[in-house]
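Each remark here refers to the structure printed beneath this line.
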Amino acid sequence: MGEPGFFKQLGLVLLIAALTACSSSSDNTPPPDQPQSTVPDVSGQSQSDAEQAISSATLLVGTITSEASDSVPAGSVIRTQPAAGISVAQNSSVNIILSSGPANVPVPTTAGGSQADAEAAIVAAGFVVGSVDTEASDSVPAGQVIRTVPAAGTEVARGASIDLVVSSGPANIMVPDVTNLTQMAAETAIGNAGLVTGLISTSPSDLVPVGNIISQNPVSGTMVSAGTTVNLTVSLGPANISVPNVVGLAQAQAEMDITGAGLVVGSVTLQADVNVAPGNVISQSPDAMTLAAAATPVDLVVSAGPDAVPVPDIVGLTETEANPVVVNAGLAIGNVTVEFSTTIDRGDVISQSLQPGALVLPDTPLDFVVSAGPPVNVPNV
């Protein structure tokens, strides 16, 4: 009976030994006699320096991973696993966590806002404003943001540069060439191009006809934005002319001098004068030496001499009555023509060539028109 009791005691001892062995194998703590190393502090170091420090501590470099960090520069060590300062068995693996730099954040939406608002939004999101370029746009008003580069919503590292593209308004327009056109045609061409006629100035020109465009600003071919004003210089024709002195000259010579100077003969009025020979110029307007534009009319007052006679009024008289009136006034009977009239009696004077009351030289011919009465319908026989 004593033998079974012995085996029971032996079994209990073996069970306790087995449990003790299992407990020792599940404990991570190294046996007291295994050499130990302290995990070095490699935070902030580069990967290569950290690996060297770990190897120098008789440890092994484990896995290399990365994570975002706003405080540790990209490529530097954030921490290790196990952490720095922990004692571990020599030749244990130490994992390294590297910084990938600041965490990515989305680029803010700034399209359609002003440049100032866009720059403020970029800075507030943790970025810096990069280059600011302009681009023509028919849909985005000038001064507003068209887009960012990178595009809005793109996730990039905090602190990255964000470029802006700002609208300069509608695409530029080429200024048309309107020189030598009339002012009206030039203004039409400018309007059709999407531009606006600006200041209109004038200048004499020996080459460009009166009323045509001498020059424009901006010049043709210049690229400008829609609505830009184009200033025009319009020709006054040749430079102002000094009016020649024709007083005292015969009318024919005076008229030649006037037209030869680039002017034109205006009205010619006869006036009785005892001092100026008949047919010579008494006075002129504009006066001699006055500066006038090309083609300005020069009016003349011509002497009819002391014997100038007034033109009689013969309209309404019969031809028989008119003839002696003309002769008695000191004039000559000129061409007499006949016209049909439904309002003037047959044989009466309808009109005369010289204004009644005007002074003329003696024997000046006076033409007049006599009524033939209403036209007669000849029957077809």
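The values are calculated or read from the model by the stated rules, or taken from the named source; none is laboratory data. Every value quoted in this text rests on a predicted model; they were computed, and no experiment measured them. Heavy atoms of the whole protein, side chains included, go into the accessibility calculation; ligands, DNA and RNA do not. Shrake-Rupley method; radii C 1.70, N 1.55, O 1.52, S 1.80 Å.
Over the chain, with a Gaussian network built from C-alpha contacts below 10 Å, which listed residue (205, 56, 168) shows the highest mean-square fluctuation? Maximum among the listed residues: 56. Rounded to the nearest 10 degrees, the inclination of helix 251-260 to the longest alpha-carbon principal axis of the chain is 10 degrees.
Going by alpha carbons, how many degrees (0 to 90, nearest 10) lie between the helix axis of 319-328 and the longest principal axis of the chain? Approximately 80 degrees, to the nearest ten. Expressed to the nearest 5 percent, the antiparallel share of DSSP beta bridges inside the chain is 55 percent. Translational diffusion of the chain, estimated by Stokes-Einstein from the Kirkwood radius over alpha carbon pairs at 4 °C in a medium of 1.567 mPa s, is 38 µm² per second. Across the accessible surface of the chain, with the other protein chains kept in place and a 1.4 Å probe, carbon and sulfur atoms take up 57 percent.
Per-residue ellipticity at 222 nm for the chain, helices alone: DSSP H runs ≥ 4 residues times -39500 (n - 2.57), over residue total, nearest 500 deg cm²/dmol? Dividing the helical sum by the residues of the chain leaves -6000 deg cm²/dmol.
Centre-to-centre, using Cα atoms only, region 351-378 and region 208-246 are separated by 49 Å. Taking only Cα atoms, what is the 0 to 90° angle, nearest 10, from helix 183-192's long axis to the longest principal axis of the chain? For 183-192 against the chain, the angle is about 20 degrees. Largest mean-square fluctuation among 194, 44, 113, in a Gaussian network model of the chain whose springs join Cα atoms under 10 Å apart, belongs to 44.
Evaluating 6.51 cos²θ - 1.76 cosθ + 1.60 at θ = phi - 60° for every residue in region 138-144, the Karplus couplings come out as 7, 10, 9, x, 4, x, 9 Hz, glycine and proline recorded as x. Take the Kirkwood radius over Cα pairs of region 96-251, plug it into Stokes-Einstein at 25 °C and 0.890 mPa s, and you get 123 µm²/s for translational diffusion. Under the criterion of Cα pairs below 8 Å and six or more residues apart, the relative contact order for region 81-236 equals 20 percent.
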